[in-house]
Amino acid sequence: MTIYRLYRNIEKSIIDFLIEELEEDGWEGVRVEKSFAKAHDGTLPAICVNLEEPDISRIEIGSNQYEEISTVSIRLFCKDDGFRLDLSSWLLEKIMPGIDYYEYIITSGKISGKVLSGKISIQKIISSRKELKNTEGLDEKDKFRHLFQFTCKVN
């Protein structure tokens, strides 16, 4: 038995949260993936979640205690511009109050349980925009792609 480490727990907690919230709010057929390739190669609409980079700093000089602020990118792959706008607005509304943070227990390579261990607090929205401006000649899956980025930390 092992557990995922912090970064993987953050990604998985966000993915599980989005799946639950999409279902609860009646968004049918929206896939949530960790891999860009899976999100891009499957059916639309899709959401791709990736922890991009942690910013790690000491809490005080000489201390071994540190704070980690993580940057998370969520890409929305949509069928049209209206859906892109609606989904990005919904996403902002859902994540701003914070997301439950779980530690996932792994047995024989599969998730066998999870323990609520805090809250993922959104620190700052870095970006919420159509990712590609010139979409002429692009694959249909890239024409209405939205980039949503934020920094967060686990409390």
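Quick one: would you say Arg129 is touching a Leu at 6+ places or on another chain (Cβ under 7 Å), within 26 Å of Glu53 (Cβ to Cβ) and free of Cβ contacts under 8 Å to residues at least 40 places away in the same chain?
Yes.
Sort out which residues of segment 53-92 are among the β-branched types (Val, Ile, Thr), surrounded by 12 or more Cβ atoms within 10 Å (Cβ to Cβ) and over 13 Å from the mean Cα position of the chain (by Cα), and write them in order of number.
Matches in segment 53-92: Ile69 only.
What about Tyr101, is it touching a strand residue (DSSP E or B) at 6+ places or on another chain (Cβ under 6 Å), modelled with pLDDT under 90 and among the aromatic types (Phe, Trp, Tyr)?
Here the answer is no, as Tyr101 does not meet what is asked.
Let me spell it out: the conditions are (1) within 20 Å of Phe150 (Cα to Cα); (2) touching a Leu at 6+ places or on another chain (Cβ under 9 Å), and Ile15 meets all of them except one. Which number is the exception?
So the condition that Ile15 fails would be (2).
Could you grab me the full set of residues in segment 1-26 that are in contact (Cβ under 8 Å) with a residue 40 or more places away in the chain, surrounded by 15 or more Cβ atoms within 10 Å (Cβ to Cβ) and within 20 Å of Phe83 (Cβ to Cβ)?
Matches in segment 1-26: Leu18, Glu21.
Filter segment 28-52 for residues that are within 9 Å of Lys141 (Cα to Cα) and modelled with pLDDT of 90 or more; which is surrounded by the most Cβ atoms within 10 Å (Cβ to Cβ)?
Pro45
Taking the conditions exactly as written (within 21 Å of Arg8 (Cβ to Cβ), among the β-branched types (Val, Ile, Thr), modelled with pLDDT under 95 and surrounded by 12 or more Cβ atoms within 10 Å (Cβ to Cβ)), does Ile95 satisfy them or not?
Criteria not met by Ile95.
The values are calculated or read from the model by the stated rules, or taken from the named source; none is laboratory data. The shown structure was predicted, so the numbers you read here are calculated from the model rather than taken from an experiment. So basically every Cβ, Gly included, is an ideal-geometry build from the backbone, and we count neighbours across all protein chains shown.
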